[in-house]
Amino acid sequence: MSAPQGRFLTGSTMRHVAVMTMSSTIGLTFMFLIDAATLFWIARMGVEQNMAALGFAWTIQFFTMSAGIGLMVAAVALVSRAIGSGDQAQARRHGSSAMLITFVVQAVLAALVLWIREDILALAGAKGDTLVIASRFLLLSVPSLPIMAVGMVGLGILRAEGDAFRAMFVSIVAGLVAMGLDPLFIFGFGLGVDGAAYVMVISRTVNALMALYVVIKVHDLAARPSFDNVRKVAPAYAAIALPAVATQLSTPFGNYIVTGFIAQHGDGAVAGWAVVGRLTVLAFGGVFALSGAVGGIFGQNYGAGNMHRVRTTYRDALLYNFGYIVLAWLVLFLLRDVAITSFKLGPEGAEVVLAFTNLAAGGFVFTGILFVSNAAFNNLGRPLWSTGFNWVRDGVLMFPLCWWIGTMMGATGVVYGQALAGLLAGSMAALFAWRFVAQL
């Protein structure tokens, strides 16, 4: 059975980029508000070790979450190409197989993290009560990562199909559930940090169930799971998923390095870094959304052979990225004191936040360029290129730059080192991606 024409094959590419990105931004922002709201309520407890513990725990969870994002990238690429070429049956096989593979892979990774969680927390710089609290938070929340990953892939399939509204709605509902339950579990039930972990599990489950319902019942984009389908889909899926996962894992690896350097300056600095992490995903959620949103646009037009629309999509995504980052940076700068006061940061944490909001946040222009280029590489047949550029940033540049500038300027220098690594890697990725897309 042939599918209707893909939504992204006609009309303004800038409009598609803007509509998909803005709807995804709203949904992602609500999801990111879960972590920000959690940190806000934990800060009300007045225990700096709790803030630092969440910072360490999120750094570790970031690894498995990033693997899930890489698996989602592969699902978006395959499903959107199938839709673009008019093969609905193939799109359905890709959809269900991707979700099944993702669940199994994430379950294995979650089990590994639980097994070695104390060792990796200690390597990141956690110690004493902070390590104990972070370890328990991981014990309670990590088992839900496979469920969350299925929800992520489900939302990715919706974006591949072009259903921006329902993808946004699912994310909003899950975010509202978390924001409503956080104060109840943390203070109402007196569970503290444990309560935050329980709410995270509930929110992830709601997100996954709703995404599955829309994918299966509304769009019929998931065939009945079967070993035969997985076996047929696996080679093409793995060809994109393996380098995409490797690409995504570079970011938490770089963040792990930065957290280790920050930890050398005490729990106060780590608490500030935890706040920076939440500010990053809130302010720049549009950049994360952009890289995911344009994947479906690339994929559908690539599958249909519309290479001129692929080129204009890349150009429009870069323009959108620049405008968004400049606006978000301005907002961060104006609200810097509000953030420091709201999260009850001490002098060390405040310095870290100010280093980010005053200067380092501007470097996200180049991080956004890197993300857009990665989306082009992943959906246009060059996934290993995105792997290479990400690891240049996080595996080659991050350590020496954070160490060098951090040695001179302390914790704030570490923040600047991370931004400089993103600037250099993003510039290189843009040069290669522009030439590659132009030659399609």
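Laboratory data are not the source of any read-out in this text; all were calculated from the coordinates shown. Small disclaimer: the values here were computed from a predicted structure and weren't measured. With ideal geometry, Cβ positions are generated from the backbone for all residues, glycine too; neighbour counts draw on all protein chains shown.
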>> Using only the alpha-carbon atoms, how far is helix 267-283 inclined from the longest principal axis of the chain? Give it as 0 to 90 degrees, nearest 10.
In response: 30
> Assuming R0 = 30 Å, what is the FRET efficiency of residue 326 and residue 408, from their Cβ-Cβ distance, to the nearest 0.05?
Replying inline: 0.60
>> Through the Karplus equation 6.51 cos²θ - 1.76 cosθ + 1.60, θ set to phi - 60°, convert the phi angles of segment 184-199 into ³J(HN,Hα) values in whole Hz; use x for Gly and Pro.
In response: 5, 6, 6, 10, x, 8, x, 8, x, 4, 4, x, 4, 5, 5, 5
> From the backbone phi of segment 211-220, what are the Karplus-calculated ³J(HN,Hα) couplings (6.51 cos²θ - 1.76 cosθ + 1.60, θ = phi - 60°) in whole Hz, Gly and Pro given as x?
Replying inline: 4, 4, 4, 5, 4, 7, 7, 8, 10, 6
> Name the residues of segment 346-382 whose amide N is less than 19 Å from a point 7 angstrom out from the Cα of residue 427 along the C-beta direction?
Replying inline: 359-374
>> Give the aspartates and glutamates whose C-alpha is closer than 15 Å to that of residue 217, dropping any in the same chain fewer than 8 places away, or say none.
In response: 161, 163
> Any idea what the relative contact order of segment 161-215 is, in percent, if you count C-alpha pairs under 8 Å spaced at least 6 apart?
Replying inline: 40
>> Take residue 439 and residue 396, extend 7 Å from each Cα along the Cα→Cβ direction, and tell me the distance between the two endpoints in nm.
In response: 1.9
>> Among 37, 177, 156, which residue has its Cα furthest toward the positive end of the charge dipole of the chain, with +1 on Lys/Arg Cβ and -1 on Asp/Glu Cβ?
In response: 156
> Calculated from DSSP H runs of 4 or more alone, at -39500 (n - 2.57) each and per residue, what is the 222 nm mean residue ellipticity of the chain, nearest 500?
Replying inline: -28500 deg cm²/dmol
> For segment 7-438, with the dipole built from +1 on Lys and Arg beta-carbon atoms and -1 on Asp and Glu ones, taken about the Cα centre, which of 80, 192, 356 lies farthest toward the positive end?
Replying inline: 80
> Hey, which lysines would be in cross-link range of residue 344, C-alpha to C-alpha under 27 Å, not counting anything within fewer than 8 residues on its own chain?
Replying inline: 127
> Where does helix 164-183 land angle-wise versus the long Cα axis of the chain, in degrees 0 to 90, nearest 10?
Replying inline: 20
>> Give the average over all directions of the projected area of the C-alpha convex hull of the chain, one decimal, in nm².
In response: 18.5
>> Over the chain, what is the relative contact order in percent, taking alpha-carbon pairs closer than 8 angstrom and at least six residues apart?
In response: 25
> For residue 87, which sequence-distant residues (separation of 5 or more, or a different chain) have an amide H within less than 5 Å of its own amide H, given hydrogens modelled in the peptide plane?
Replying inline: 3
> Given 0.36 nm per residue, what is the gain on full extension from residue 44 to residue 118 after removing their alpha carbon distance, in nm?
Replying inline: 24.0 nm
> Given charges of +1 on the Cβ of Lys and Arg and -1 on the Cβ of Asp and Glu, with all other atoms neutral, how large is the dipole of the chain about its Cα centre, in debye to the nearest 20?
Replying inline: 1280
> If one takes the longest principal axis of the Cα atoms in the chain, at what angle in degrees, from 0 to 90 and to the nearest 10, does the Cα axis of helix 307-334 lie?
Replying inline: 20
>> Between segment 309-344 and segment 151-218, what is the separation of their alpha carbon centroids in Å?
In response: 24
> Along segment 250-255, what does the Karplus equation 6.51 cos²θ - 1.76 cosθ + 1.60 (θ = phi - 60°) give for ³J(HN,Hα), rounded to whole Hz, x for Gly and Pro?
Replying inline: 5, 5, x, 5, x, 5
